[in-house]
Amino acid sequence: MTDLLLKKVVLSTGNILQMDHLIRKAGQSTSDELRGSIKTTLNSWEGSKADIQDGGVLTIQRSSDSLLSRESTDLKTTVKLFLSDTDSSQVEDAIKTVSKVLDLPCIDLVIVTPPDVSDDATLESLAPMWQALEDSVTNGAVTAIGLADVSTSLFTELYEWAKIKPSTMQVNLSSCCIVPQELSTFAQQHDIQVLTHNDPAEIVDEDTVSTITSRLGLSGTQCQIQWIARHRSIQQCFGLVQDKGYMLALACNG
């Protein structure tokens, strides 16, 4: 095997609620949690580059016992995607990968954070991404879709344009302490759920990527993050988080 054969790395942490050393750390950020779970996954992984599959894909997966039954009708799974590009292929690949790894016939809600959430972001730039999300709803892979961190004006513009409307909007508390009144009013008028979060703008840094590539001996290979997915399954009857974890995809080229 040579590094040139490796085109993509997919890493799945499994259920991090089983990582006792990680969940005991109070006050850690999303980045800290992701970084810690990636290191634990790499430390427990017994594979190598020799495990490259057809298509040049290497899967690094931490085996863990699921704490839940995927057939439970009381279980709701939400996936938040952090994209590096708004190309439709990233959305399609992320949803397909998460569904396959978690053995989910349908994801209840997918919320997407675009790579550009500045005031310069346009509807045209978001269109390919959103149309891929709409397709995932149409083909039954996802039930509902939402958006995170874009401006109120862009969110309302996308809502009016979209064939399948966003059911959820996430607002980052680091950029505004309260939900903008304009967004709150629009959400009430259109039955949109507004949620808040404190995820950092960049949840994976270069050091984390280097940790993965070094473990694989890919010092001469350029690898870049394509997408990151955080999945969480809640037992709605009791409001308990039963499963939580991360997946990410790296595109690699020699």
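The values are calculated or read from the model by the stated rules, or taken from the named source; none is laboratory data. Keep in mind that what you see is a predicted model, and the values were worked out from it rather than measured. All Cβ positions, glycine included, derive from the backbone under ideal geometry; neighbour counts span all protein chains shown. When the accessible area is computed, the model is the full protein with side chains, heavy atoms only, and any ligands, DNA or RNA have been set aside. Shrake-Rupley method; radii C 1.70, N 1.55, O 1.52, S 1.80 Å.
Can you tell me how many residues within the stretch 121-148 are in contact with a strand residue (DSSP E or B) (Cβ under 9 Å, 6 or more places away or on another chain) and open to solvent by less than 40 Å² (accessible area, probe 1.4 Å)?
14
For C223, which of the numbered conditions (1) in a strand (DSSP E or B); (2) without any contact (Cβ under 8 Å) to a residue 24 or more places away in the chain fails to hold?
Condition (2) is where C223 drops out.
Filter the stretch 159-194 down to the residues that are open to solvent by less than 50 Å² (accessible area, probe 1.4 Å), more than 19 Å from T122 (Cβ to Cβ) and among the small types (G, A, S) and list them by number.
Passing the criteria: S167, S184, A187.
Quick grid of which residues meet (1) of a type in the set (D, E, K, R); (2) closer than 28 Å to K7 by Cβ:
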position: D116; (1), (2): yes, yes
position: A127; (1), (2): no, yes
position: F155; (1), (2): no, no
position: K165; (1), (2): yes, no
position: F186; (1), (2): no, no
position: H197; (1), (2): no, no
position: T213; (1), (2): no, yes
position: Q226; (1), (2): no, yes
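Identify, from the list E33, E46, the residue that is at pLDDT below 85 and charged (D, E, K, R).
Result: E46 is the single residue among E33, E46 that is at pLDDT below 85 and charged (D, E, K, R).
Would you confirm whether any residue within the stretch 203-211 is within 24 Å of V101 (Cα to Cα), under 15 Å from the mean Cα position of the chain (by Cα) and not in a strand (DSSP E or B)?
Yes, the stretch 203-211 contains a residue that is within 24 Å of V101 (Cα to Cα), under 15 Å from the mean Cα position of the chain (by Cα) and not in a strand (DSSP E or B).
Assess whether A187 counts as being part of a loop (DSSP other than H, G, I, E, B) and either touching a residue at least 60 places away in the same chain (Cβ under 8 Å) or farther than 30 Å from G55 by Cα (or both).
No: the conditions fail for A187.
Restricting attention to the stretch 14-24, does a residue exist that is of a type outside the set (S, T, N, Q), open to solvent by less than 50 Å² (accessible area, probe 1.4 Å), under 14 Å from T211 (Cα atoms) and at pLDDT 85 or above?
no
For the stretch 76-120, how many residues are of a type in the set (D, E) and open to solvent by less than 60 Å² (accessible area, probe 1.4 Å)?
So the count comes out to 2.
Of the residues that sit in the stretch 202-233 and are open to solvent by 50 Å² or more (accessible area, probe 1.4 Å) and over 27 Å from I52 (Cα atoms), which one is modelled with the lowest pLDDT?
E202
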